[in-house]
């Protein structure tokens, strides 16, 4: 590890420690929330290890602080919005605990698991974590998608739709010969007729862990 990287990691660790202490949280309690050991949290704070994007996101949620500040040190710890070069505006939005399947329809919970900060998330949007590969390679399993409920839908848009039973799926909306269809980007999946389904949201962007780790 270079001297420059060590200094950067130490500064990140100092911010983690400062944010943790600002809400009176012990290393043990933070480790329990993250599903990690106290030793791992301690190594983060000392700069010996760097948490991945998902862990940093969950830390920011637990601390109630800006993800942008936690990552870069820019702005204030408790500002609602931060601008980081190359990412756009970071806004905290709800992450639903039900995982939207990018494959065959499956029931999705409407309970909010936590709040996370993602770039370019407009007010009123929400996030879900994708499961399945029907929208691959455009959107892969494990990616975060930002969803805008009641957004205007046009042919070619990726949407979240539910059927009469509440089963939910993520597909691309298409019109063919005056018939509305839901199509997977992965050609191995069948086409579904849109009739009988309700579009409940429009996917406006997707972020992978790799992309978030570069913020």
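Rule-based calculations on the coordinates, nothing more; no lab input. As the structure is a computational prediction, the values presented were derived from the model and not from experiment. Positions of Cβ are generated from backbone atoms using ideal geometry, with glycine treated the same way; all protein chains shown enter the neighbour counts.
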How would 77, 59 line up from fewest to most surrounding beta-carbon atoms within 10 angstrom?
77, 59
Hey, fewest Cβ within 10 Å first, where do 138, 198 land in order?
198, 138
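With the cut-off at 1.5 for a/c, could you classify region 3-79 from its C-alpha gyration tensor as rounded, prolate or oblate?
Details: a/c = 1.62, a/b = 1.06, b/c = 1.53.
Since a/c reaches 1.5 but b/c is at least a/b, the shape of region 3-79 is classed as oblate.
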Order of 17-24, 168-175, 180-187 by packing, highest average Cβ count within 10 Å first?
168-175, 180-187, 17-24
Contact order relative to length for region 115-174, counting C-alpha pairs under 8 Å separated by 6 or more residues, stands in percent at 25
Arranged by the count of other C-beta atoms within 10 angstrom, fewest first, what order do 163, 150, 143 take?
150, 163, 143
Stretched out fully, how many nm does the piece from residue 208 to residue 42 gain, at 0.36 nm a residue minus the Cα gap?
57.1 nm
